[in-house]
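The values are calculated or read from the model by the stated rules, or taken from the named source; none is laboratory data. No experiment lies behind these values; they were computed from the predicted model shown. A quick note on method: Cβ atoms are made from the backbone with ideal geometry, for glycine too, and the neighbour counts reach across all protein chains shown. SASA here: full protein model, heavy atoms, side chains in, ligands and nucleic acids out. Shrake-Rupley method; radii C 1.70, N 1.55, O 1.52, S 1.80 Å.
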Amino acid sequence: MKSRLFTPGPTPVPETVMLRMASPIIHHRHPEFRAVMERVNRNLQYVFQTSRPVLTLACSGTGAMEAAFVSCFSPGETVIAVNGGKFGERWVQMPRAFGLNSVEIRIPWGHAVSAEQVLDTLHTHPGAKAVVLTQSETSTGTATDIQTIARAVREHSDALVCVDGITSVGAHELRFDEWGIDLCVTGSQKGLMIPPGLAFVALSDRAIERMERSTLPKFYFDLQRYLRAHASADSPWTPAVSLILGLDEALEMIRAEGIEAVWSRHRRLALGLRAGFRALGIRLFSESPSYAVTPVWIPEGVDWTAFNRALKTGNGITVAGGQGDFAGKIFRVSHLGYYDDLDMVTVIAAIERALASVGYSFPSGSGVAATQRALLGIT
Ligand SMILES: *Cc1c(COP(=O)(O)O)cnc(C)c1O
């Protein structure tokens, strides 16, 4: 049986990327690697839609966020962080670990924060140095309108607009420069279609200026060092050479497809899958659904453990369960990265099989048919 991964990180890796990663190691200070790095840096700017530097770090997404915090802020400063799920919660906790004061905007899971809520909080904390937002909250499959909120924050304060783009970069429209984002982070194992181990930070001029005044302790994760090295397509420490070769391949694929086409493919897949779930009588979890991952309520009477076992051992399909209070209540199907129409038909077919095997009743094939029709645009 084939194994098929439908989790929102790690995500499947294309064969060409795997082959490239299997090529012999080259030395990172050699011109051959420098040429790769130059292309990678340019293509990352394209993916983030920015003319500013996008730095590559050897860590997961959380590490890149930590690097950004320790490089831009100083003890005692206030940051506002939106907590609408597992990852938002992390961005409330992390600044506290570094002696920053974090102000939490708590949002019910499955809902998105509004510009008004952010502005109200900025109003009561006018000295806040940053607002931290998650464009696609992976635990809840919820998308936040970064464009509108970034504009509002910029009009009313000097706070940096910091975006966790870990499951949105490469899935949702994101225009770093045009939208006035100051800092945006992503990880390799999500929309960029390579294995875990790399993370990326895009920085505005305002964020770079803040670094000069930041007094938090840092060494390995000092982004000023990365910036200086970036100017000559270099890195301060030994980079993860094999992953970067894979990244080069993956970014060339994104370039060839076109970033707008990549965003619209994610939208089409998300809408196709949602149509299938609806036809099966399965309710969507989020009020503001993300195009990266679709969480749904587990139907009444269906046991998550038995259903998940049927998916995995009976069909070779790995999906993600619910997190926190929603463990056992929802499950999440990812379509982030290397997926196409037939992957959606496959996963909804497998979900039908697993549901049938645990006694959930529905007209057989109704989910598959609805997904097909939505993907093909048949009304
Ligand atoms: C996966 C994820 C993270 C955490 O990234 P790691 O690479 O596991 O450190 C943070 N935010 C979001 C939205 C994610 O999906």
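Say we look at the stretch 303-325 and pick out the residues that are in contact with a Gly (Cβ under 9 Å, 6 or more places away or on another chain), outside any loop (DSSP other than H, G, I, E, B) and of a type outside the set (G, A, S); which of these is most open to solvent (accessible area, probe 1.4 Å)? Filtering the stretch 303-325 for residues that are in contact with a Gly (Cβ under 9 Å, 6 or more places away or on another chain), outside any loop (DSSP other than H, G, I, E, B) and of a type outside the set (G, A, S), the one most open to solvent (accessible area, probe 1.4 Å) comes out as T305.
Residue by residue, here is whether (1) open to solvent by less than 30 Å² (accessible area, probe 1.4 Å); (2) outside any helix (DSSP H, G or I); (3) of a type in the set (A, V, I, L, M, F, W, C) holds:
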residue: F221; (1), (2), (3): no, yes, yes
residue: A229; (1), (2), (3): yes, no, yes
residue: S235; (1), (2), (3): yes, yes, no
residue: I244; (1), (2), (3): yes, no, yes
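When the test is whether a residue is open to solvent by less than 30 Å² (accessible area, probe 1.4 Å) and farther than 28 Å from A231 by Cβ, A171 passes it.
Does S136 qualify as being of a type in the set (S, T, Y) and without any contact (Cβ under 8 Å) to a residue 60 or more places away in the chain? No, not satisfied. Looking only at the stretch 46-58, filter to residues that are over 16 Å from A229 (Cβ atoms) and open to solvent by 20 Å² or more (accessible area, probe 1.4 Å); which one of those is nearest to the ligand (Cβ to nearest atom)? Top of the filtered list is Q49. Restricting the search to strands (runs of 3 or more DSSP E) fully inside the stretch 149-203 and requiring at least 1 residues that are out of contact with any Asp or Glu (no Cβ under 9 Å at 6 or more places or on another chain) gives 183-187, 199-203. Right, F73: within 16 Å of the ligand (Cβ to nearest atom) and surrounded by 18 or more Cβ atoms within 10 Å (Cβ to Cβ) or not? When the stated conditions are applied, F73 does not pass them.
Of all the numbered requirements in (1) of a type in the set (G, A, S); (2) assigned to a helix (DSSP H, G or I); (3) touching a Pro at 6+ places or on another chain (Cβ under 8 Å), G9 misses one, and that requirement is (2). In the set (1) closer than 23 Å to V293 by Cβ; (2) open to solvent by 10 Å² or more (accessible area, probe 1.4 Å); (3) within 11 Å of the ligand (Cβ to nearest atom), the condition left unmet by E66 is number (1).
Restricting attention to the stretch 326-342 and to residues that are among the aliphatic types (A, V, I, L, M) and without any contact (Cβ under 8 Å) to a residue 60 or more places away in the chain, the residue that is surrounded by the most Cβ atoms within 10 Å (Cβ to Cβ) turns out to be I330.
Selection of the stretch 123-174 for residues being β-branched (V, I, T) and over 23 Å from L100 (Cα atoms) yields T138, T140, T142, T144, I146, T148, T167, V169.
None of G281, G246 is in the same structural domain as S334 (by TED's automatic domain parsing) and either touching a Phe, Trp or Tyr at 6+ places or on another chain (Cβ under 7 Å) or of a type in the set (G, A, S) (or both) except G281.
In this structure, V103 qualifies as in contact with a strand residue (DSSP E or B) (Cβ under 6 Å, 6 or more places away or on another chain) and surrounded by fewer than 22 Cβ atoms within 10 Å (Cβ to Cβ). Against the test of being open to solvent by 10 Å² or more (accessible area, probe 1.4 Å), more than 16 Å from the ligand (Cβ to nearest atom) and farther than 23 Å from T62 by Cβ, the options R213, R225 yield a single qualifying residue, R213.
Only residues that are open to solvent by less than 20 Å² (accessible area, probe 1.4 Å) and part of a helix (DSSP H, G or I) were counted across the stretch 276-302, and they come to 2. Within the stretch 88-100, the set of residues being open to solvent by 20 Å² or more (accessible area, probe 1.4 Å) and in contact with a Gly (Cβ under 8 Å, 6 or more places away or on another chain) comprises just one member, G99. A single member of G85, G127 is open to solvent by less than 60 Å² (accessible area, probe 1.4 Å), within 16 Å of the ligand (Cβ to nearest atom) and in contact with a strand residue (DSSP E or B) (Cβ under 9 Å, 6 or more places away or on another chain), and it is G85.
Every residue, every condition in (1) on the phi < 0 side of the Ramachandran plot; (2) buried (at least 24 other Cβ atoms within 10 Å of the Cβ); (3) more than 16 Å from the ligand (Cβ to nearest atom), yes or no:
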| residue | (1), (2), (3) |
| --- | --- |
| D120 | yes, no, yes |
| T148 | yes, no, yes |
| A152 | yes, no, yes |
| L160 | yes, yes, yes |
| D164 | yes, yes, no |
| T167 | yes, yes, no |
| I181 | yes, yes, no |
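Which of the residues that make up the stretch 343-360 are within 17 Å of R309 (Cβ to Cβ) and open to solvent by 10 Å² or more (accessible area, probe 1.4 Å)?
Looking only at the stretch 343-360, we keep the residues that are within 17 Å of R309 (Cβ to Cβ), and these are 347, 350-360.
If the condition is that a residue be within 17 Å of R309 (Cβ to Cβ) and open to solvent by 10 Å² or more (accessible area, probe 1.4 Å), then E352, R353, A356, S357, V358, G359, Y360 are the ones that fit.
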